[in-house]
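Student: Mind having a look at this structure? Questions to follow.
The values are calculated or read from the model by the stated rules, or taken from the named source; none is laboratory data. Nothing here was measured: the structure is a model prediction, and the numbers come from that model. Virtual Cβ from ideal backbone geometry, glycine too; neighbours counted across all protein chains shown. Ligands, DNA and RNA are excluded from the accessible area calculation, which covers all protein heavy atoms including side chains. Shrake-Rupley method; radii C 1.70, N 1.55, O 1.52, S 1.80 Å.
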Amino acid sequence: MTDVVSFPAGASAKPARRDIGIKRRYAAERRFRAYGIAALSFGILFLFILLYSVVSKGYTAFQQTMITVPVEFSEQIIDKDNERATDPQKLVTANYPLIARNAVAKVLGVAETDRSGLRAVNQMISDGVRGQLRDMVVANPQIIGTTQTVSLLAAGDIDSAFKGQIDLSVSENNRKVSDQQVGWMNQLAESGALGKHFNTGIFVNGNSSRPEAAGVGVALIGSFYMMLIVLVLSLPIGVAASIYLEEFAPKNKFTDLIEVNINNLAAVPSIVYGLLGLAVFINFMGLPRSASLVGGLVLTLMTLPTIIIATRAALKAVPPSIRAAALGLGASKMQTIFHHVLPLAMPGILTGTIIGLAHALGETAPLLLIGMVAFVANYPTTPMDPSTALPVQIYMWANEAERAFVERTSGAIIILLLFLVVMNVGAILLRRRFERRW
């Protein structure tokens, strides 16, 4: 006789409900994964669009159109009365743009009596040739009276037209380059006299009202001075404050208040630090406006909370057993911290410092308030001299009306991004080089 086993009513429904619940959890997991991939894809897409828009507009800034022609350094124009021996200033104040214009007009076959033609030729040459030819003559006065092959800087409109940034198919009245100049440009290009050269001027020149002669040289020097001041001041002060708060300070309401304020200062808008610098360093202490020293002090105040937070996190990451072992072997509290804890926390400290410096390098708002938006064409020799910074230079060029400044703005952004990438890659390499896993 076979026994019949009976199941309670509804027993078969429980596994079914359990399977449905598992399927729902798996479906929710797949949806969450899809949302994450979609969010990552959107971020990469927008990053690609940003980089493409900057690079596509700015890569041409690293090339400059030059007109290579034989230039006659006429003694009649430079030093007609042969007074350079007694008056060296004659070599500085000579009419060098006229020399450049005559050289290009001779190659194009423009007669000296054709005033309108000479005026059109003059508009094809940048006024920056004044400094270019002047420096050549001052460095070597023996070239006066000789003919030298020189690559002259083309004007901004000719540079834009030759790079294809101006639509030459529109009416002549609607563009800055005339049909006659377009014909001359093609003539020079066919003969090999007109061509694009690597633009070293964007790295070494100062600011200029002429886009073809403008560069970020002064801004790079100013940014270097500021970053040096930030590094010298913020690193030792930030590390010392972090060591005291983490290792020596008693845990009470006062230190808790300090910690809360440090965390809040890291989130304060940067323009507030600019107002503080304007009130304290310029109005109260009387430091000069537009000086790299003031910019460095303001950025130091802004960077300190970031370094303190990163340093405290690095100190906390060192296992307590390191401290206990050092103290057990007879080391003092100071020896334990500076001989054992601090060296092990150094990778995190350096990483936080570099990230803080990179953040400070890209700041614009606080520097605008302390006057670093001034037009500065000469290199600063000390941090007390007027200067500007790379992000401020980008801001100034973005407000210019000349079309050629568009590519200069994007080119400067590319330079700034390269500096930021190098600094962040350096932080990653330092962390991987010195990091220890416990």
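Student: Please determine, in degrees from 0 to 90 and to the nearest 10, the orientation of helix 13-58 with respect to the longest principal axis defined by the Cα atoms of the chain, where the helix direction is its Cα long axis.
Tutor: Roughly 20 degrees between the two axes.
Student: Over the Cα atoms of segment 64-198, how large are the radius of gyration and the largest Cα-Cα distance (Dmax), in Å?
Tutor: 15.8, 54
Student: Relative to the present Cα-Cα distance, how much length would full extension add between residue 163 and residue 40 at 0.36 nm per residue of separation? Please report the intermediate quantities before stating the final value.
Tutor: Details: separation 123, 0.36 × 123 = 44.28 nm, distance 3.63 nm.
Full-extension gain reported as 40.7 nm.
Student: Same structure again: Using a 1.4 angstrom probe with every protein chain in place, what is the largest-first accessible-area order of 373, 218, 239? Mind showing how you got there, number by number?
Tutor: Working: 373 60, 218 0, 239 25 Å².
So the residues, ranked largest to smallest area, are 373, 239, 218.
Student: Give me the orientation-averaged projected area of the Cα convex hull of the chain, in nm², one decimal. Let's see the in-between values first.
Tutor: Numbers: hull surface 174.0 nm².
Its average projected convex-hull area is 43.5 nm².
Student: Compute the Rg to Rh ratio over segment 248-378 from the alpha carbon atoms, using the Kirkwood formula for Rh, and round to two decimal places. Display every interim value, and only then the final one.
Tutor: On the way: Rg = 18.9 Å, Rh = 17.0 Å.
Computed over Cα atoms, the ratio is 1.11.
Student: Follow-up. Report, to the nearest 10°, how far helix 342-361 tilts away from the longest principal axis of the Cα atoms in the chain, using its own Cα long axis and a range of 0 to 90°.
Tutor: Tilt of helix 342-361: around 50 degrees.
Student: Can you pull the Rg over Rh of segment 171-295, Cα-only, Kirkwood? Walk me through the numbers on the way to the answer.
Tutor: Numbers: Rg = 26.1 Å, Rh = 20.3 Å.
Here Rg/Rh amounts to 1.29.
Student: Let me ask something else. What relative contact order, as a whole-number percentage, does the chain give when Cα pairs under 8 Å and 6 or more residues apart are counted? If you can, show how the numbers build up before the last one.
Tutor: Numbers: 565 pairs, mean separation 80.7, N = 438.
With pairs under 8 Å counted, the relative contact order is 18 percent.
Student: Ranked by accessible surface with a 1.4 Å probe, highest first, in what order do 395, 35 come?
Tutor: On the way: 395 100, 35 150 Å².
Correct descending sequence by accessible area is 35, 395.
Student: To the nearest 10 square angstrom, what accessible area does residue 322 show with a 1.4 Å probe?
Tutor: 40 Å²
Student: Now for a different question. Determine the dipole magnitude for segment 64-198: charges of +1 sit on the beta-carbon of Lys and Arg, -1 on that of Asp and Glu, nothing else is charged, the reference point is the Cα centre, and the result goes in debye to the nearest 20.
Tutor: Working: 13 positive and 16 negative charges, 34 e Å.
So the dipole magnitude of segment 64-198 works out to roughly 160 debye.
Student: Report the local net charge at residue 175: Lys and Arg +1, Asp and Glu -1, summed over other residues whose C-beta lies under 11 Å from its C-beta.
Tutor: Values: positive: 176, 403; negative: 157, 167, 172, 179.
Counting the neighbours of residue 175, the net charge comes to -2.
Student: Please report how many Lys pairs in the chain have alpha carbons closer than 30 angstrom, counting only residues at least 8 apart along the chain or sitting on separate chains.
Tutor: The result is 18.
Student: Tell me, which longest segment in the chain has none of the GluC sites (Glu not before Pro) that fall in DSSP loops with at most 16 further Cβ atoms within 10 Å? All intermediate terms of the calculation are to be shown ahead of the outcome.
Tutor: Numbers: sites that count: 83, 112, 400, 435.
Longest site-free region, per DSSP loop and neighbour criteria: 113-399.
Student: How much solvent-accessible surface does residue 334 expose, in Å² to the nearest 10, with a 1.4 Å probe and all protein chains in place?
Tutor: 100 Å²
Student: When the convex hull of the Cα atoms of segment 301-341 is projected onto a plane and the area is averaged over all directions, what value comes out in nm²?
Tutor: On the way: hull surface 12.3 nm².
So the Cα hull casts an average projection of 3.1 nm².
Student: While we're here: Can you give the angle from 0 to 90° between the axis of helix 96-108 and the longest principal axis of the chain, with both taken from C-alpha atoms, to the nearest 10?
Tutor: Tilt relative to the chain: about 80 degrees.
Student: For the chain, which span is the longest to avoid every loop-located (per DSSP) member of trypsin sites (Lys or Arg not before Pro) having at most 12 other Cβ atoms inside 10 Å?
Tutor: Result for the longest clean stretch: 252-435.
Student: Any idea what the dipole of the chain comes to, in debye rounded to 20, about its Cα centre with Lys/Arg Cβ at +1 and Asp/Glu Cβ at -1? Let's see the in-between values first.
Tutor: Working: 38 positive and 30 negative charges, 533 e Å.
That gives a dipole near 2560 debye.
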